[in-house]
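Structure first, commentary second.
The values are calculated or read from the model by the stated rules, or taken from the named source; none is laboratory data. Because the structure is a prediction, the values reported are computed rather than measured. Positions of Cβ are backbone-derived with ideal geometry, glycine not excepted, and every protein chain shown enters the neighbour counts. Ligands, DNA and RNA are excluded from the accessible area calculation, which covers all protein heavy atoms including side chains. Shrake-Rupley method; radii C 1.70, N 1.55, O 1.52, S 1.80 Å.
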Amino acid sequence: MDRIEKTILRNLMHDEVYMRQVLPFLRPEYFNQSDLIVYRLIADFIGSYNNCPTTEALDIALQKKNLNETDFKAAAELIRELQPTEVNADWLLTETERFCKDKAVYNAILKSIEIIDGRDKKHTTEALPSILQEALGVGFDRSEEHTSEFQSRFGISYAVF
């Protein structure tokens, strides 16, 4: 059974329409270590070439990374597993948005705990409402403002579908 992270990465590689819809809303902090390595390879490729990467391109980019053996093997295996499959586009978009919202809230709660416990020296408890509010506001906004943010972040155009 696939995890949603794997399904997201697979479709970033193989579905250009999906890639352009969701990439502006995905954040590196939503992914665990091996997924994060592959996400960054995909995002870097898209940022450079304005297109979905191939398995070969990701394999070559991975070889250029200075990774420990465990991370390298996990990322290489994940790349090999990301073969195209059929998936309902509406379902995938809904599940990807849910994934982003859940991860944003989870990360905000962890950040809040760090602040409360005093491990985060940069923020006070007064920052908690805005941290949680920002996380709760995560959603797939396709406005012009967000489009401009995406273009500046990745240097490519983004079509609203």
Task: Mean accessible surface per residue for the chain, computed with a 1.4 Å probe while every protein chain stays in place, in Å² - done: 59
- [ ] Calculate how steeply helix 4-14 sits against the longest principal axis of the alpha-carbon atoms of the chain, using the helix alpha-carbon long axis, and give the answer as 0 to 90 degrees to the nearest 10.
- [x] 40
Open item on the list: Within segment 79-134, what whole-number % of the accessible surface is contributed by carbon and sulfur, with the 1.4 Å probe and all protein chains included in the calculation?
Closed with: 53
- [ ] With an 8 Å cut-off on Cα pairs and a minimum separation of 6 or more residues, tell me the relative contact order of segment 63-145 in percent.
- [x] 30
Open item on the list: Filter K64/K121; K6/K65; K64/K111; K6/K122; K6/K121 down to the pairs with a C-alpha to C-alpha distance above 28 Å, please.
Closed with: K64/K121; K64/K111; K6/K122; K6/K121
TODO: Divide by every residue of the chain the summed helix terms, -39500 (n - 2.57) for each DSSP H run of at least 4, and state the resulting mean residue ellipticity at 222 nm, rounded to the nearest 500 deg cm²/dmol.
DONE: -21000 deg cm²/dmol
- [ ] Go through 69-82, 7-20 and give me the packing order, highest mean Cβ count within 10 Å leading.
- [x] 7-20, 69-82
Open item on the list: To test your reading of the geometry: what angle, between 0 and 90 degrees and rounded to tens, separates the Cα axis of helix 144-154 from the longest principal axis of the chain?
Closed with: 60
Task: Helix axis angle, 69-81 relative to the chain longest principal axis, alpha carbon, degrees - done: 60
